[in-house]
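In what follows, a structure is listed as structure tokens, so that the remarks can point back to it.
Values quoted throughout were computed directly from the atomic coordinates according to the rules given, and no laboratory measurement underlies them. This structure is a prediction, so every number in the text was calculated from the model and none was measured. Please note: Cβ atoms are built from the backbone with ideal geometry, for glycine as well, and neighbour counts cover all protein chains shown.
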Amino acid sequence: MSADNKKGDLHMFFAPPAELETTVFARLPENLHAARSDNEWVAGQPLGSPTKSLLEGPSFGPEGLLYCVDVLNGRILRVSAQGEFEVLAQYDGWPNGLKFHQDGRIFIADYKNGIMEFDARMGQVKPYVVRFNLERFKGVNDLFFAANGDMYFTDQGLTGWHDPTGRLFRVRPDGQVACLLDNLPSPNGLVMDRDETALYVAVTRANAVWKVPLLRNGTVGKVGTFIQLSGGGGPDGLALDERGGLVIAHVGLGSVWVMDTAGEPTFRIRSTVGRHTTNVAYGGPDLQTLYITESESGTILTARLPVPGKRMYGGPNASRE
């Protein structure tokens, strides 16, 4: 084989993913896009982090509307079909992740308080799991529900390669809490694979997504790196499409990666407004629209994808991821 043919073959093997651009769905209004100068969250985050608001935790409710949170201002938000924000609650917390249970309840991963339950009708936030073996969490980040009702969540705190002690927890429907891993350098978003035999966990400061196989006895084993990224700040929120492809919000790079089941990139979605792409959720009638929180600008972006997102819980009327 000639040198030219070898180069051609290499080019085909390492062909870059197709690129998609985003459009703006909603912008946080100015009256909500401001934090006090003495905000405790801002003071405790690395320089260059958002200082006015921090959109996270996009998730669609049973009525088809998008919910999200504003971490540093302690807000739970709902977005109309026309892109208008409504504040459902503002409280003393740092809500970082939001997911709907199959029975319609809303759960919040609150960095300051732990796992909380939110009653949207009353506008009240109450504790659900705030301790493990009597100890407070480091700072929970995101959560995910399995089809059987198990809740998985990450406990990130200020961990990183300097302190790789972030944790992964599971909460059974009966309230039993178990720590599955305790050695992650900044665990963040998480989602289960298509067959729910393993978890994908975004390990932000390792700039990687780990695959965590589940064993029959309820523990985990043979954990490994599924995808190694580079640049930016690392992977943040995750989602899954109906074929089992993994969607990764790459914070600091202003991009969202869509990977196939083998971990090969198929699409790169570029933010048009900022680099703080924190999290993703599939929505729309056909579940082929990806909604992306961009926290630097307080914007929610959208991109159309050829493969729909996977429905949570597996039912025809199940919640969207």
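At-a-glance table
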read-out: Hz values of 3J(HN,Hα) by residue in the stretch 68-84 - Karplus curve (6.51, -1.76, 1.60), Gly and Pro given as x; value: 7, 10, 10, 4, 6, 10, x, 10, 10, 10, 10, 10, 6, 5, 8, x, 9
read-out: For a label point 7 Å along the Cα-to-beta-carbon line of LEU215, residues of the stretch 175-190 with backbone N under 13 Å; value: 180-181
read-out: Charge dipole (debye, nearest 20) of the stretch 118-212; +1 at Cβ of Lys and Arg, -1 at Cβ of Asp and Glu; value: 220
read-out: Inter-probe distance in nm under a simple model that places probes 7 Å from Cα toward Cβ, at ASP38 and GLN90; value: 1.7
read-out: Sparse-neighbour loop sites [trypsin sites (Lys or Arg not before Pro); the stretch 57-126; at most 15 other C-beta within 10 Å; DSSP]; value: ARG105, ARG121
read-out: Label-zone membership for the stretch 124-163, site THR225, 7 angstrom Cα→C-beta point, backbone N under 18 Å; value: 160-163
read-out: Gain in span if fully extended, ARG131 to ASN183, counting 0.36 nm per residue against the direct Cα distance; value: 16.9 nm
read-out: In sequence order, calculated HN-Hα J values of the stretch 209-222 (Karplus, 6.51, -1.76, 1.60; Hz; x Gly/Pro); value: 10, 8, 9, 10, x, 9, 9, 5, 8, x, 9, 10, x, 6
read-out: Loop chymotrypsin sites (Phe, Trp or Tyr not before Pro), the stretch 120-223 (other Cβ atoms within 10 Å of the site Cβ: 11 or fewer; DSSP); value: TRP161
read-out: Non-local Lys pairs in the chain, i.e. 8 or more apart or on different chains, that have alpha carbons under 28 Å apart; value: 19
read-out: Two-site label geometry, THR165 and ASN148: point separation in nm, points 7 Å out along Cα→Cβ; value: 3.1
read-out: Theoretical gain in end-to-end length, VAL273 to ARG243 [0.36 nm per residue, Cα-Cα removed]; value: 7.9 nm
read-out: Sequence-distant residues sharing a close amide H with GLU117 (under 5 Å, placed H); value: ILE108, LYS126, TYR128
read-out: Relative contact order, percent, the stretch 142-185 [alpha-carbon distance under 8 Å, six or more residues apart]; value: 34
read-out: Over the chain: Kirkwood hydrodynamic radius from C-alpha pairwise inverse distances, Å; value: 19.6
read-out: Amide hydrogen neighbours beyond the local backbone of ARG194, cut-off 5 Å, H modeled; value: none
read-out: Contact order normalised by residue count of the chain, Cα under 8 Å, 6+ apart, percent; value: 15
read-out: ³J(HN,Hα), Karplus 6.51/-1.76/1.60, whole Hz, each residue of the stretch 92-102, x for Gly, Pro; value: 7, x, 10, x, 10, x, 9, 9, 8, 6, 5
read-out: Selected from THR278, ALA81, TYR200, residue furthest toward positive end of dipole (the chain; charges at beta carbon); value: TYR200
read-out: Dipole of the chain [Lys/Arg +1, Asp/Glu -1 at C-beta], most positive-end residue of VAL258, ILE227, GLY309; value: ILE227
read-out: Simple Cβ-charge dipole of the stretch 48-117, Lys/Arg +1 and Asp/Glu -1, about Cα centre, in debye nearest 20; value: 140
